[in-house]
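Novice: Following this message is one structure expressed as structure tokens.
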Amino acid sequence: MPNQTDTQTDTQTDTQPAPVDLPGEGDWLAWVSQRCRDQLEEAQQQVGLVKAGSSDAPVVLVAWNKAETAIANAEAVALWAEVHPDAAVRDLADDLSQQVQKYVTELGLDRDLYAVFDRLATSSDLSVLDADGRRVLEHTLRDFRRAGVDRDDATRDRLRELSERSVKLSQDFGRNIRDDVRSIRIAPERLAGLPEDYRAAHAPDEDGLVTITTDYPDLVPFITFGSDAAARHELALAQNNVAWPANDQVLQDLLAVRRETAQLLGYDSWPDYDTEVKMIGNGRAVADFIDRVGEAAKERAGDELGVLLERKRVDDPSADAVATYDSRYYSELVRREQYDVDGQVVRTYFPFEQVRQGLLDVTGRLFGLGWTPVAHEDAGTWHDEVASYDVDLDGTRIGRIHLDLHPREGKFKHAAQFDLVKGIAGEQLPEGVLVCNFNRGLMEHDEVVTLFHEFGHLVHHVLGGQGEWARFSGVATEWDFVEAPSQMLEEWAWDADVLATFARNDAGDTIPADLVGAMRRAEHFGKGLYAVQQMSYAARSYWFHAGPHDDLTAYGDELQRRYSVFPPLDGAHMHCAFGHLDGYSSGYYTYMWSLVIAKDLFSAFDPDDLFAADVARAYRDKVLAMGGREDAADLVADFLGRPYSFDSWAAWLAE
């Protein structure tokens with residue numbers, strides 16, 4: 001279905017829930033506080049009903065579902081800490097998040113509440129529940145056990161303390177990254193190699209120097225096209241020292257909290273605790289997976305490194321190594337010189353506004369969705385650059401999305417999808433927020449790919465938010481599967497026919513198919529380098545959590561040498577700005593694990609017709625729309641007609 005380009009037309013009926021009424025130009029401090037407190041009060045009321053003693057499983061689970069819905073609504077307050085332009089609102093959101101998580105911790109340790117579900121599981125006739133209801137009960141009991149409800153009083157008290165400390169440390173870790181934008185100051189001539197529009201946007205200050213920040217719109221083009229190696233080095237050091245030294249101790253404290261938590265709960269390590277509810281199953285399997293991928297990609301990565309070094313020696317005959325800050329620059333030169341792909345030409349086909357609309361058109365056609373723009377004053381959003389859309393399927397509004405895609409002071413620095421509302425059929429529409437940091441002008445093609453990727457989470461959130469259970473709403477699968485649908489959607493950003501629908505330069509010329517073909521061939525170069533570097537990050541994520549290490553910088557450098565082909569950057573402390581060490585904890589491996597599954601999912605599509613309705617709708621309905629109602633492996637098997645395998649990923653790596 002083509003996307004709408006006119007202003008909002010309200011398709012809501014009397015029986016449909018409405019989107020959240022955001023305050024817009026109103027009092028955000030009051031609104032954020034009131035919404036969070038109202039939802040906590042609702043949760044407390046519903047928990048009281050659960051504990052009232054009913055032995056009727058459906059009655060108990062309905063009340064519990066309402067409690068979990070309200071808790072999710074309250075937990076969404078964390079969004080405002082990441083995106084709101086007012087520091088006072090961000091600080092309030094952090095404080096409220098602590099209160100919400102304290103309440104969640106108390107619920108997990110509440111023996112009386114646990115006893116209600118335990119009685120249902122052991123003495124009730126569960127045949128009155130459907131498969132989803134039984135799954136809710138199963139997962140609820142599992143969560144209580146993982147919270148420590150069955151431990152003695154002293155242990156439970158300590159778990160409470162650790163949970164509260166963990167929340168605070170996580171907030172500190174994220175805030176230190178968010179608030180620490182670093183920069184370098186260089187002479188204008190050191191912008192050599194950068195695109196004309198980039199140089200025009202970075203005019204010298206009064207002292208004649210140019211400021212380049214570590215925000216992505218500054219950083220990415222500079223390390224891709226900037227020919228001044230010393231300047232690239234200087235900027236790379238700045239970027240790899242964001243939140244240093246503050247986050248070094250914060251991270252050590254957070255790791256210690258997690259290790260003690262796992263030990264108190266009876267697990268050998270935090271990774272064992274973390275992976276119990278993931279597809280991979282146990283911590284040792286993570287280490288084995290990292291080694292398996294690293295070994296599979298090692299030879300290819302070495303060959304590709306040799307190509308980069310050979311090209312670097314054209315500029316510097318004495319070069320004996322390729323640094324991390326060299327890799328994008330020389331990869332770009334190799335693609336330009338050996339594959340006839342000039343990134344500076346490619347980017348002229350991707351003006352931001354055009355890409356955003358193209359993305360909506362592509363996903364609308366693929367999944368049968370309509371995206372109706374909502375005027376800023378009607379959406380009531382937190383910043384005038386946020387673009388909002390109502391989502392409809394077969395003429396019915398099924399959700400709302402908000403796109404917050406450009407950097408600003410105090411905003412989340414990376415790219416992620418945040419829940420604003422979990423969808424519950426007949427109760428509340430799913431609403432998701434995409435938070436990124438893209439240029440307002442021309443985009444690099446890899447930024448286009450990133451936008452498609454992150455948008456995949458939004459689609460998953462909305463389509464998976466049409467059921468009745470909060471626990472299974474949206475992106476509610478195992479955490480090492482959640483990236484797979486988004487990684488698969490990246491494929492549409494590489495297809496010539498797809499790109500031809502929106503990729504045009506200022507002259508109105510569509511991106512040539514032969515250029516896209518060359519881009520695809522060039523994209524194969526560097527897959528080995530990418531895989532081993534990803535494993536170096538995954539190894540940090542895993543081994544930092546697996547046991548204590550006095551010096552995280554030194555140990556991180558050791559892991560870099562073990563898994564990557566690029567040497568560690570002297571003077572860098574990248575772990576301090578490695579935000580995934582918080583949210584993903586020991587599970588950064590999941591990006592590559594999910595990629596294995598994404599390649600297998602994509603094998604079901606016809607590469608000559610990526611919009612074929614039968615397979616696209618089957619994927620939409622059997623995978624995305626299911627949310628967390630079944631295990632991810634079962635969802636994949638239902639769609640593919642077989643269990644997932646490594647074969648498609650191995651073939652991709654070998655291409």
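The values are calculated or read from the model by the stated rules, or taken from the named source; none is laboratory data. Remember, predicted model here, so these are calculated numbers, not experimental data. Every residue, glycine among them, receives a Cβ derived from its backbone with ideal geometry; neighbour counts consider all protein chains shown. Calculation scope for accessible area: heavy atoms of the full protein, side chains included, ligands and nucleic acids excluded. Shrake-Rupley method; radii C 1.70, N 1.55, O 1.52, S 1.80 Å.
Novice: Select from 140, 515, 227 the residue farthest towards the positive end of the dipole of the chain; place +1 on Cβ of Lys and Arg, -1 on Cβ of Asp and Glu, and compute about the Cα centre.
Specialist: 140
Novice: Another question about this same structure. Percent relative contact order of region 28-172, based on C-alpha pairs within less than 8 angstrom and at least six residues apart? Mind showing how you got there, number by number?
Specialist: On the way: 139 pairs, mean separation 37.1, N = 145.
For region 28-172, the relative contact order is 26 percent.
Novice: Ranked by accessible surface with a 1.4 Å probe, highest first, in what order do 494, 28, 244 come? List each step's numbers first, then the result.
Specialist: On the way: 494 45, 28 20, 244 80 Å².
Heavy-atom accessible area, descending, gives 244, 494, 28.
Novice: Could you list the residues of region 25-63 with an amide nitrogen less than 19 Å from a label point located 7 Å from the Cα of residue 377 in the Cα-to-C-beta direction?
Specialist: Answer for region 25-63: 25-28.
Novice: Let me ask another. Note down the accessible area of residue 137, probe 1.4 Å, to the nearest 10 Å².
Specialist: 10 Å²
Novice: Related question: Roll a 1.4 angstrom probe over the protein heavy atoms and tell me the percent of accessible area of region 287-326 that is carbon or sulfur.
Specialist: Carbon and sulfur together cover 47 percent of it.
Novice: Using 0.36 nm per residue, how much length does the chain from residue 130 to residue 207 gain when fully extended, once their Cα-Cα distance is taken away?
Specialist: 20.7 nm
Novice: A further question follows. Sequence-distant or interchain residues sharing an amide H contact under 5 Å with residue 388, placed H: which?
Specialist: Here 374, 403 satisfy the definition.
Novice: Of the listed values [x] 36.1, 121; [y] 26.0, 81; [z] 24.8, 79, identify the label whose number matches Rg and Dmax of the Cα atoms in Å calculated from this model.
Specialist: Derived directly from the coordinates: [z].
Novice: On average, how much accessible surface per residue is there in the chain, in Å², for a 1.4 Å probe, leaving out ligands, DNA and RNA?
Specialist: Computed with neighbouring chains in place, this is 40 Å² per residue.
Novice: Give a residue-ordered list of calculated ³J(HN,Hα) values for region 31-39 (Karplus: 6.51 cos²θ - 1.76 cosθ + 1.60, θ = phi - 60°; whole Hz; x for Gly, Pro).
Specialist: For region 31-39, the Karplus curve yields 5, 4, 5, 5, 4, 4, 5, 4, 5 Hz.
Novice: Mind checking region 507-616 for chymotrypsin sites (Phe, Trp or Tyr not before Pro) that DSSP puts in a loop (not H, G, I, E or B) and that have at most 16 other Cβ atoms within 10 Å? Before the final figure, lay out each step's value.
Specialist: Values: sites: 525, 530, 537, 542, 543, 544, 555, 563, 578, 584, 588, 589, 591, 593, 602, 605, 611; in loops: 525, 578, 584, 588, 589, 605, 611.
Listed in order of number, the matching sites are 611.
Novice: Report the one residue of 632, 576, 590 whose Cα lies farthest in the direction of the positive end of the charge dipole of region 553-655 (charges on C-beta: Lys and Arg +1, Asp and Glu -1; origin at the Cα centre).
Specialist: Final value for the positive-end residue is 576.
Novice: Within region 542-582, what residues put their amide N at less than 14 Å from the label point 7 Å along the Cα-to-Cβ vector of residue 291?
Specialist: 543, 563
Novice: Picking from 653, 406, 344, whose Cα lies most toward the positive end of the charge dipole for the chain (charges on Cβ: Lys, Arg +1; Asp, Glu -1)?
Specialist: Positive-end residue among those listed: 653.
Novice: If you place +1 on the Cβ of every Lys and Arg, -1 on the Cβ of every Asp and Glu, and leave all else neutral, what size is the dipole of region 112-235 about its Cα centre, to the nearest 20 Debye?
Specialist: Working: 19 positive and 26 negative charges, 103 e Å.
For this selection, approximately 500 debye.
Novice: What nm value, rounded to one decimal, do you get for the distance between residue 256 and residue 277 when each label is placed 7 Å out toward the C-beta?
Specialist: Each label point lies 7 Å from its Cα, and together they span 2.6 nm.
Novice: ³J(HN,Hα) across region 514-525 via Karplus (A = 6.51, B = -1.76, C = 1.60, θ = phi - 60°), whole Hz, x for Gly/Pro?
Specialist: Each residue's phi maps through the Karplus curve to give 5, 5, 5, x, 5, 4, 5, 5, 5, 5, 5, 5 Hz.
Novice: Hey, another quick one. Any idea how far the Cα center of region 316-333 sits from the one of region 140-172, in Å?
Specialist: After rounding, the separation between the Cα centres reads 47 Å.
Novice: What is the packing order of peptides 346-359, 70-83, taking the mean over residues of other C-beta atoms within 10 Å and listing the highest first?
Specialist: 70-83, 346-359
Novice: Still on this model: With a cut-off of 8 Å between alpha carbons and a minimum separation of six or more residues, what is the relative contact order of the chain in percent?
Specialist: Normalised by residue count, the contact order of the chain is 17 percent.
Novice: So how far, in whole Å, is the C-alpha centre of region 553-630 from the one of region 99-133?
Specialist: Computed from Cα coordinates, the inter-centre distance equals 33 Å.
Novice: Turning to a different aspect of this structure: Between residue 197 and residue 49, what's the calculated FRET efficiency when r is the beta-carbon distance and R0 is 56 Å? Round to 0.05. Mind dumping the intermediate values first?
Specialist: Numbers: r = 59 Å, r/R0 = 1.06.
Efficiency computed from Cβ-Cβ geometry: 0.40.
Novice: Rounded to whole Hz and in sequence order, give me ³J(HN,Hα) for region 262-273 from the Karplus expression 6.51 cos²θ - 1.76 cosθ + 1.60, θ = phi - 60°, writing x for Gly and Pro.
Specialist: 4, 5, 5, 8, x, 9, 5, 7, 4, x, 5, 5
Novice: Could you check how much of the accessible area of region 140-185 is carbon and sulfur, as a whole percent, using a 1.4 Å probe?
Specialist: Carbon and sulfur: 42 percent of the exposed surface of region 140-185.
Novice: Give me the accessible area of residue 501, 1.4 Å probe, in Å² rounded to the nearest 10.
Specialist: Looks like 70 Å² after rounding.
Novice: Here is a follow-up. Which value in nm describes the separation of the simple spin-label points at residue 299 and residue 145, placed 7 Å from the Cα toward the beta carbon?
Specialist: About 4.4 nm, to one decimal.
Novice: Going down the list 298/622; 411/622; 298/599; 422/622, which pairs span over 29 Å between their C-alpha atoms?
Specialist: From the list (298/622; 411/622; 298/599; 422/622), the Cα-Cα distance tops 29 Å for 298/622; 411/622.
Novice: With charges only on Cβ, +1 for K and R and -1 for D and E, what is the dipole size of region 264-371 about its Cα centre, in debye, rounded to 20?
Specialist: 420 debye
Novice: Calculate, for residue 513 and residue 338, the FRET efficiency according to 1/(1 + (r/R0)^6) with r their C-beta to C-beta distance and R0 25 Å; round to the nearest 0.05.
Specialist: On the way: r = 20 Å, r/R0 = 0.80.
Computed FRET efficiency for residue 513 and residue 338: 0.80.
Novice: If you don't mind, another one. Rounded to the nearest 20 Debye, what is the dipole magnitude of the chain about its Cα centre when Lys and Arg each give +1 and Asp and Glu each give -1 at the C-beta? It would help to have the intermediate numbers written out before the result.
Specialist: Details: 63 positive and 115 negative charges, 246 e Å.
It comes to approximately 1180 debye.
Novice: Which percent of the accessible area of region 382-498 is formed by carbon and sulfur heavy atoms (probe 1.4 angstrom)?
Specialist: Working: 1400 of 2920 Å².
Solvent-exposed carbon and sulfur of region 382-498 make up 48 percent of the total.
Novice: Grab the Cα-Cα distance for residue 18 and residue 655, subtract it from 0.36 nm times how many residues apart they are, and report the gain in nm with one decimal.
Specialist: 224.5 nm
Novice: Next up: What net charge is computed for the residues neighbouring residue 309, neighbours being all others with C-beta under 14 Å from the C-beta of residue 309, Lys and Arg scored +1, Asp and Glu -1?
Specialist: Net charge in that neighbourhood comes out at -4.
Novice: Further question on the same structure: Using a 1.4 angstrom probe on the protein heavy atoms only, line up 232, 561 by accessible area, largest first.
Specialist: 561, 232
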